[in-house]
Structure formats: structure tokens, C-alpha cells
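One structure is given below, encoded as C-alpha cells.
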């Protein structure tokens, strides 16, 4: 891993480049000489009562293909490519991202706002968008999907008290080349795994002391309306979470 940043006395100190080559795909150890490249270029600055920054990120890696069958979306269906050369090959996993952060202190308390947007190509399976383990013992065909996702997260401390409130919006579309009633059509090989989700969350935090934190959080979850059985309409799956965190 390589980190480049100018000295604190330099006007270029606000820029920071982090880049590295990493073994494995985050799930299993490497079985070959291929490495995943991850990088992040960020800008961060601070004034007397304000912090702000932005960044861009890039990920480039590979996923082992244990069979010769690769599926990609064409004309709203998964189309098979069964070239024998695909066997024991590698599917590209590539992400692009932009992020931004802002915080300021006032009589209202500390206000923080963070956001990130991601897009890219994700190899997975017919039933999951997670990357399969990088091992030659894995079986299953490779499904390649284009995805988009991101979040906007707002946190407001209440003056000088131990209380905070938060609002967060996030979304994830695991297969951005197909949506709505086209998901789940007979013969398309698409299903629940290809549905998009979005969530609005609202929460309350109470920092009792340095070691104990209480929180209550409610998620309003919305799924894409599709042709998948059970998901013709939005499913009632909102979630309430009450948590106590204790640090020792």
C-alpha cells in the first residue's frame, strides 16, 4: 500500500492519495497471482468551526470463473456465453465512487452530513450479488451485473446535550440494466436478487457516558415492484432497532 501526502506546512496537504494491491477478494485467500487494486484520492480542509472534504475512489479486481458459463444482461434477460475459454478464467469486478463530508459547529450543536455514490460491475451468482470465494473448489455459473448505490447521512447533535438525531437515505440497485416489471419475467433468469431497494432511516442517540450509548432507529424499507412472486408490491418489512452499546 502507498500513501502520498504533502507535509502539513504545504498548501497541498489537503490532498491525500491512497493506493494498494491486495491479495484475495475480501472473502478468501488468493489462489493465483492476480491482485486487486484499490485507490482513493481525497481532499479535506478545516476552518475554525467547519470541516469539509470530498473524494473519488476506484477498485479493480477479478473473480474466478469455475465454469465456462457467463451470463450478462442483453435485451432485459440474462444471456448465456458458454465459450470453453471462459472455464477457469476471471471476471472483472470494478467499482467507481465519489464521496463528500461536511460538519460544522453552532449553537444548535454539531451538524454532520456525509454522502457517497457507487457504481460498477459486480460478478456474482444466480442467487446472490456477493462475490464468490476465490477458490477453484467453488461451483456455479458467473452472473455479471451492473450496479448503482449510495447514501446520504445527516446527524444533528442537540446543542451541548448528550442527545442526537439522525436521518439517512440509502439505495442499492444490484442490476441497473433491468428494473420494475422486467425483473422476474419467465425465462429472463432474473429474480429477487436483481431487485432494487431504498431505505429511509430515522434515529435517536443518547450518549449516557463515555462507555454507554443508547439508540433507537427505524427503517422505512421500499423494494422495487416486480414480477417476482411475493414482490408484486412493496413488502411490509420496516424494521425497528433498539440497541445499547457498552465499551470496556
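Values quoted throughout were computed directly from the atomic coordinates according to the rules given, and no laboratory measurement underlies them. The structure presented is a predicted model; accordingly, all values stated were derived computationally and were not measured. So basically every Cβ, Gly included, is an ideal-geometry build from the backbone, and we count neighbours across all protein chains shown.
So the values come out like this:
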item	result
Order of 93, 145, 243, 207 - criterion: other Cβ atoms within 10 Å of each residue's Cβ, fewest first	243, 207, 93, 145
Projected label distance in nm at residue 90 and residue 220, using a 7 Å step from Cα toward the beta-carbon	4.5
Exposure proxy ranking, count of Cβ atoms within 10 Å, fewest first, for 171, 12	12, 171
Residue list for segment 74-112, given a label point 7 angstrom along the Cα-to-Cβ vector of residue 37 and an amide N cut-off under 16 Å	92-97
Full-stretch length increase - residue 165, residue 129 - with 0.36 nm per residue and alpha-carbon distance subtracted	9.7 nm
Hypothetical label at residue 82: residues of segment 186-210 whose amide nitrogen lies under 20 Å (7 Å Cα-Cβ projection)	187-190
Sequence of 220, 205, 90, 248 once ranked by neighbouring C-beta atoms within 10 Å, starting from the fewest	248, 220, 90, 205
Inter-centroid distance (Cα atoms) of segment 182-220 relative to segment 67-110, Å	19
Within a Gaussian network of the chain (alpha carbon springs, distance under 10 Å), most fluctuating of 210, 94, 65	210
Mean separation of Cα contacts under 8 Å, 6 or more apart, over the residue count of the chain: relative contact order %	13
Computed over segment 58-182, the ratio Rg/Rh where both radii use C-alpha atoms and Rh is Kirkwood	1.18
Per residue, the convex hull volume that the Cα atoms of segment 160-248 enclose (Å³)	115
Within a Gaussian network of the chain (alpha carbon springs, distance under 10 Å), most fluctuating of 208, 50, 119	208
Potential lengthening between residue 239 and residue 113 on full extension [0.36 nm per residue; Cα-Cα distance subtracted]	43.0 nm
Cα gyration tensor shape of the chain, rounded if a/c is under 1.5, else prolate or oblate by comparing a/b with b/c	oblate
